[in-house]
Amino acid sequence: MAIAKNSGLVYSTEHGRMCPACRRPEAQCECRAAAPPAGDGVARVSRETKGRGGKAVTVVKGLPLAADELAKLGKQLRTRCGSGGTLKDWVLEIQGDHVEIVVAELVKLGFKAKKVGG
């Protein structure tokens, strides 16, 4: 199956979801396996509602972890908060307003964490 580089293919019945950047199946995607962005080692925890229909989401940015470790930490934080969430582009999103709980949990786990925003 030949896929043109300029095609907008995002799903294939043969392979499932496709990466829009490298046009490969998500399981074989090479562009998402990149190293985490370099930061100052401080996790920034904030609450966002913009673009979410007024629903609050706790956002954690700046954690210096590999993708699999970040996924494990996300699972641990979601379990601690008792809510759902996701990992998108090196940013943890936890449903609900759990800023204080997440900051306390990150400090307990040995990370430098600070609350950002109002």
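The values are calculated or read from the model by the stated rules, or taken from the named source; none is laboratory data. Every value quoted in this text rests on a predicted model; they were computed, and no experiment measured them. Backbone-built Cβ (ideal geometry, glycine too); neighbour counts: all protein chains shown. The accessibility values were calculated without ligands, DNA or RNA, using every heavy atom of the protein model including side chains. Shrake-Rupley method; radii C 1.70, N 1.55, O 1.52, S 1.80 Å.
Brief remarks on what is shown
- Flag not set for LEU65, criterion: modelled with pLDDT of 90 or more, under 19 Å from LYS114 (Cβ atoms) and out of contact with any strand residue (DSSP E or B) (no Cβ under 7 Å at 6 or more places or on another chain).
- Any hit, the stretch 72-82, residues being within 21 Å of ASP40 (Cα to Cα) and of a type outside the set (Lys, Arg): yes
- Neighbours by Cβ (under 7 Å, 6+ apart or cross-chain): first from the stretch 47-65, open to solvent by 30 Å² or more (accessible area, probe 1.4 Å); second of a type in the set (Lys, Arg) and in a loop (DSSP other than H, G, I, E, B): THR49/LYS55
- When residues of the stretch 1-46 are limited to those that are open to solvent by 60 Å² or more (accessible area, probe 1.4 Å) and outside any loop (DSSP other than H, G, I, E, B), the one modelled with the lowest pLDDT: TYR11
- Close pairs from the stretch 70-92: first open to solvent by less than 50 Å² (accessible area, probe 1.4 Å), partner part of a loop (DSSP other than H, G, I, E, B) and aliphatic (A, V, I, L, M), Cβ under 8 Å, at least 6 apart: LEU70/LEU63; LEU73/LEU63; LEU73/LEU65; LEU73/LEU109; LEU92/LEU63
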